[in-house]
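For reference, the structure is listed below as structure tokens.
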Amino acid sequence: MAETVAAPVLRRPPDRFRTVTALVAAAAPLVLVVIVVVLIRGSAPALHQFGLGFLVGQTWNPPIDSFGALPAIFGTVASSLISLAIALPVGIAVAVILAEPSHSSIRGVIGTGIELLAAIPSVVYGIWTLYVLSPWSYEHLEVPISDRLGFIGWLSQPATRSLFNASLVLAVMILPTLTAISRDVIRAVPRGMKENAVALGATWWETTWHVILPAARAGIFGATILALGRALGETIAVTMAIGNRYWIPQSIFEPAYTLASVIANEFTEATSTLHQAALIELGLVLILVTLVVNLVALLLVRSVSRETRLTA
Amino acid sequence: MNRTSRRSYTSFAWLGVMYLLTAFALIPLGLVLWFTVAKGLPPALHIEFYTNVFRPVGVPGAGIKQAIVGTLMLVGMASVMAIPAGILGGIYLAEYGLARWAGWVRLASDVLVGTPSIAVGLFVYAILVAPLHHFSGVSGSVALAVLMLPIVVRTTEGSVALIPNGLRESGLALGLPRWRVSLQLILPAAAPGVITGALLSVARASGETAPLLFTAFGNQLLSLDPTHAIQALPLTVYQYALTPYKSLQDQAWGAALVLVVMVLGINLVSRWVLRRQIALAGQL
């Protein structure tokens, strides 16, 4: 049998640049995983001591090592949802205006303004809320409302530092997220749909309300969830506004507490192992909730932009 | 009034409502800026405010030099850690973006952008502060770097992906290896966008308070040693604003003004750089 000579195979040299950059890029997923692992390990003593009861416990008493997260979870969720209720109509209105192809000079100014709103540091919102917004809101919103509607339990008992005032500043802070993503989603609605509506004689409002907004619904929902994630994790401005009382308030005008605020206020003063572990477990709860919320939102927003890429 | 004109009036009215809500959205921006300037300017007009450090309440001539220097150190160290890594990561996503691994990196970066900064502070405390038993500037800058990294990655990816494929192909056709094409051809062409992203991440890091609370911790005195507790502008605003002393509250407003000028200044510069990128992309 004749010996066969293997044909020389031209192999591409290994792409080392690809390997190196891929390794550097791994930093992002790696950090994310390590954060969660480190927080789970840090909260181990509290996890062992309280188990799932930690999530429904209502006391927070460091001297006797009794810890439950429910009031902080309640405050976090309540402040975020109220802020969304305030910010959502405004955010969608701004997004609709920004996505319009007309009035480009006014839109430029509005767009810049909203982006600057996102650039202002949290602590500056905090000091402004503490000395300006909260006293104003107490005098001109909380007291008049509770005077007239105080017979409704959750609109009574006005206080300067309250769940409501924290929600107000949160609404301002999440507005840019809500607006920027909603605007992109509205812009991604295929132009043909809008042109069809206009050709059929629909007015500007009929086109917007019956055609564009329904088409962008899933994406706007994604933007809303993403803004919810931002609101849940916001720390400093909320800590300076919410009043920091560890209880489940009966009224939105009463003080409350959030997961992030408890950590911010107590962590450096926590001396017992269990206290520190309980605070880290609050952080764990917070990061797991925001992870899930952000993932859902990102998948929603992405599925929308992929669809439009296929149809446009 | 006939049906058609009623419909057009309705439409016009709703357009008005939308513009009204938009105006309403911009009111807080004006108010925050106005009060920061009005309350922050009186303390910020004195030169001692920038050249002196903390003085006890009642002693005149107090300043925030320790905070300004501290913020520059913290953000500087964080930039050294996050910006080169972020740029390389962004290049990977743009150049090899179809790989499955790239999808995971992209998702993780987007999730990391939305991660509560206080949780990042807890994380860095657990890995760098607790084992070494003291607060440090280094740990603060690591926390800031974690927050900066995903911003740099995603903005770099965005601006590198804008560079036309022709440039890439001509480089490869001339026999350049991939790394030289990416770093010496594509990156310089994408520079304005990359710089914009880096500047935005610096602005974000300069304003962060929560991740510094239990890492850099704060320091009333000027410290140039990154292995010890260090002050930062946002920490100053937070700590002084919550004291009952009028003079410290005034300094908090002054520090807030310095912070806002710094952060908005960086933002405006980055916008200007980005506009040049768009002009440049038009020529390519």
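The values are calculated or read from the model by the stated rules, or taken from the named source; none is laboratory data. If you're wondering where the values come from, they're calculated on a predicted model, not measured in any experiment. Every residue, glycine among them, receives a Cβ derived from its backbone with ideal geometry; neighbour counts consider all protein chains shown. Surface areas here come from the heavy atoms of the whole protein model, side chains and all, with no ligands, DNA or RNA. Shrake-Rupley method; radii C 1.70, N 1.55, O 1.52, S 1.80 Å.
Check A:V198 against each of (1) open to solvent by 40 Å² or more (accessible area, probe 1.4 Å); (2) β-branched (V, I, T); (3) under 29 Å from A:I220 (Cα atoms); (4) in contact (Cβ under 8 Å) with a residue 12 or more places away in the chain and name the one condition it does not meet.
(4)
Within segment A:267-283, which residues are crowded, with 17+ Cβ neighbours inside 10 Å and either out of contact with any strand residue (DSSP E or B) (no Cβ under 9 Å at 6 or more places or on another chain) or hydrophobic (A, V, I, L, M, F, W, C) (or both)?
Once the filter is applied, which keeps residues that are crowded, with 17+ Cβ neighbours inside 10 Å and either out of contact with any strand residue (DSSP E or B) (no Cβ under 9 Å at 6 or more places or on another chain) or hydrophobic (A, V, I, L, M, F, W, C) (or both), segment A:267-283 yields A:F267, A:A270, A:L274, A:Q276, A:A277, A:A278, A:L279, A:I280, A:L282, A:G283.
Residue-by-condition table, conditions (1) more than 18 Å from the chain's Cα centre (by Cα); (2) aromatic (F, W, Y); (3) in a helix (DSSP H, G or I):
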{"site": "B:A189", "(1), (2), (3)": "yes, no, yes"}
{"site": "B:V194", "(1), (2), (3)": "no, no, yes"}
{"site": "B:G197", "(1), (2), (3)": "no, no, yes"}
{"site": "B:S201", "(1), (2), (3)": "no, no, yes"}
{"site": "B:S206", "(1), (2), (3)": "no, no, yes"}
{"site": "B:P211", "(1), (2), (3)": "no, no, yes"}
{"site": "B:N219", "(1), (2), (3)": "yes, no, no"}
{"site": "B:L224", "(1), (2), (3)": "yes, no, no"}
{"site": "B:T227", "(1), (2), (3)": "yes, no, no"}
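One residue is enough: does segment B:213-226 have a residue meeting the conditions open to solvent by 20 Å² or more (accessible area, probe 1.4 Å), within 13 Å of chain A (Cβ to nearest Cβ) and over 28 Å from B:V146 (Cα atoms)?
For segment B:213-226, residues open to solvent by 20 Å² or more (accessible area, probe 1.4 Å), within 13 Å of chain A (Cβ to nearest Cβ) and over 28 Å from B:V146 (Cα atoms): absent.
Looking for whichever is hydroxyl-bearing (S, T, Y) and free of Cβ contacts under 8 Å to residues at least 40 places away in the same chain here; the options are A:T207, A:T177. Which one fits? Even if it seems obvious, please write down each step before you answer.
Working: A:T177 fails: free of Cβ contacts under 8 Å to residues at least 40 places away in the same chain.
None of the others qualify; the one that does is A:T207.
Are any of the residues in segment B:165-180 more than 9 Å from every other protein chain (Cβ to nearest Cβ) and under 19 Å from B:G70 (Cα atoms)?
Within segment B:165-180, not a single residue is more than 9 Å from every other protein chain (Cβ to nearest Cβ) and under 19 Å from B:G70 (Cα atoms).
Restricting to segment A:247-276, count the residues that are of a type in the set (S, T, Y), more than 21 Å from B:L233 (Cα to Cα) and within 22 Å of the chain's Cα centre (by Cα). Break it down stepwise before answering.
Initially, segment A:247-276 is screened for residues of a type in the set (S, T, Y), giving A:251, A:257-258, A:261, A:268, A:271-273.
Remaining after also requiring more than 21 Å from B:L233 (Cα to Cα): A:251, A:257-258, A:271-273.
Subsequent filtering for residues that are within 22 Å of the chain's Cα centre (by Cα) retains A:257-258.
Number of matching residues: 2.
Look at A:L291 and say whether it is under 30 Å from A:A99 (Cα atoms), within 12 Å of chain B (Cβ to nearest Cβ), part of a helix (DSSP H, G or I) and in contact (Cβ under 8 Å) with a residue 40 or more places away in the chain. Steps first, please.
Numbers: under 30 Å from A:A99 (Cα atoms): yes; within 12 Å of chain B (Cβ to nearest Cβ): yes; part of a helix (DSSP H, G or I): yes; in contact (Cβ under 8 Å) with a residue 40 or more places away in the chain: yes.
Here the answer is yes, as A:L291 does meet what is asked.
Of all residues in segment B:164-176, how many are open to solvent by 60 Å² or more (accessible area, probe 1.4 Å) and touching a helix residue (DSSP H, G or I) at 6+ places or on another chain (Cβ under 8 Å)?
1
Kindly list, by first and then second residue, each pair from a residue in segment A:16-39 that is more than 8 Å from every other protein chain (Cβ to nearest Cβ) to a residue that is of a type in the set (A, V, I, L, M, F, W, C) and in a helix (DSSP H, G or I), limited to pairs with Cβ atoms under 7 Å and residues at least 6 apart or on different chains.
Short answer, once both residue conditions are applied: A:V36/A:I287.
Test B:T115 against the criterion of being of a type in the set (S, T, Y) and farther than 25 Å from A:L286 by Cβ, and give yes or no. I'd like the intermediate steps shown before the answer.
Numbers: of a type in the set (S, T, Y): yes; farther than 25 Å from A:L286 by Cβ: no.
Taking the combined requirement at face value, the residue does not satisfy it.
In segment A:92-109, is there at least one residue being under 30 Å from B:I27 (Cα atoms), touching a helix residue (DSSP H, G or I) at 6+ places or on another chain (Cβ under 9 Å), in a helix (DSSP H, G or I) and acidic (D, E)?
No: segment A:92-109 contains no residue that is under 30 Å from B:I27 (Cα atoms), touching a helix residue (DSSP H, G or I) at 6+ places or on another chain (Cβ under 9 Å), in a helix (DSSP H, G or I) and acidic (D, E).
I'd like the residue in segment B:190-207 that is open to solvent by less than 20 Å² (accessible area, probe 1.4 Å) and of a type in the set (A, V, I, L, M) and, out of all such residues, is nearest to B:P234 (Cα to Cα).
B:A205
Within segment A:228-246, which residues are under 23 Å from B:P234 (Cα atoms) and in a helix (DSSP H, G or I)? Lay out the reasoning, then the answer.
We begin by selecting, within segment A:228-246, every residue under 23 Å from B:P234 (Cα atoms); these are A:229-244.
Answer for segment A:228-246, where residues must be under 23 Å from B:P234 (Cα atoms) and in a helix (DSSP H, G or I): A:G229, A:R230, A:A231, A:L232, A:G233, A:I236, A:A237, A:V238, A:T239, A:M240, A:A241.
Could you tell me which residue of segment A:157-179 is least open to solvent (accessible area, probe 1.4 Å), considering only residues that are hydroxyl-bearing (S, T, Y) and more than 20 Å from A:V77 (Cα to Cα)? Talk me through it step by step, then tell me what you get.
Within segment A:157-179, the subset hydroxyl-bearing (S, T, Y) is A:160, A:162, A:167, A:177, A:179.
The next check asks that each one be more than 20 Å from A:V77 (Cα to Cα); those that pass are A:160, A:179.
On the way: A:T160: 60, A:T179: 2 Å².
My answer is A:T179.
Of all the residues that make up segment B:34-49, how many are open to solvent by 50 Å² or more (accessible area, probe 1.4 Å) and either facing another protein chain (nearest Cβ under 9 Å) or under 23 Å from the mean Cα position of the chain (by Cα) (or both)?
Looking only at that region, the number is 4.
Quick one: A:E115 ticks every box in (1) of a type in the set (D, E, K, R); (2) surrounded by 19 or more Cβ atoms within 10 Å (Cβ to Cβ); (3) at the interface with chain B (Cβ under 9 Å from one of its Cβ atoms) bar one, so which box is it?
Condition (2) is where A:E115 drops out.
In segment B:118-146, what count of residues is obtained for those that are hydroxyl-bearing (S, T, Y) and either within 7 Å of chain A (Cβ to nearest Cβ) or open to solvent by 20 Å² or more (accessible area, probe 1.4 Å) (or both)?
Kept after step one, since they are hydroxyl-bearing (S, T, Y), are these residues of segment B:118-146: B:125, B:136, B:139, B:141.
Next, only the ones that are either within 7 Å of chain A (Cβ to nearest Cβ) or open to solvent by 20 Å² or more (accessible area, probe 1.4 Å) (or both) stay: B:125.
Qualifying residue count, segment B:118-146: 1.
Take segment B:62-116 and flag every residue that is assigned to a helix (DSSP H, G or I), surrounded by fewer than 24 Cβ atoms within 10 Å (Cβ to Cβ), more than 7 Å from chain A (Cβ to nearest Cβ) and of a type outside the set (A, V, I, L, M).
B:K65, B:Q66, B:G76, B:S79, B:P84, B:E95, B:R100, B:G103, B:R106
Please work out which residue is surrounded by the most Cβ atoms within 10 Å (Cβ to Cβ), limiting yourself to segment A:125-144 and to residues that are away from chain B (no Cβ under 14 Å) and without any contact (Cβ under 8 Å) to a residue 40 or more places away in the chain. Quick ask: steps written out before the conclusion?
Residues of segment A:125-144 away from chain B (no Cβ under 14 Å): A:138-139, A:141-144.
Now drop any that are not without any contact (Cβ under 8 Å) to a residue 40 or more places away in the chain, which leaves A:138-139, A:141, A:143-144.
Values: A:Y138: 18, A:E139: 12, A:L141: 15, A:V143: 14, A:P144: 11.
Residue satisfying both the conditions and the ranking: A:Y138.
Looking only at residues in segment A:247-266 that are open to solvent by 30 Å² or more (accessible area, probe 1.4 Å) and assigned to a helix (DSSP H, G or I), which one is farthest from A:G229 (Cα to Cα)?
A:E266
Select from segment A:67-92 the residues that are open to solvent by 10 Å² or more (accessible area, probe 1.4 Å) and either closer than 30 Å to A:G111 by Cβ or of a type in the set (K, R) (or both) and list them in ascending order.
Passing the criteria: A:L81, A:I82, A:L84, A:A85, A:I86, A:L88, A:P89, A:V90, A:I92.
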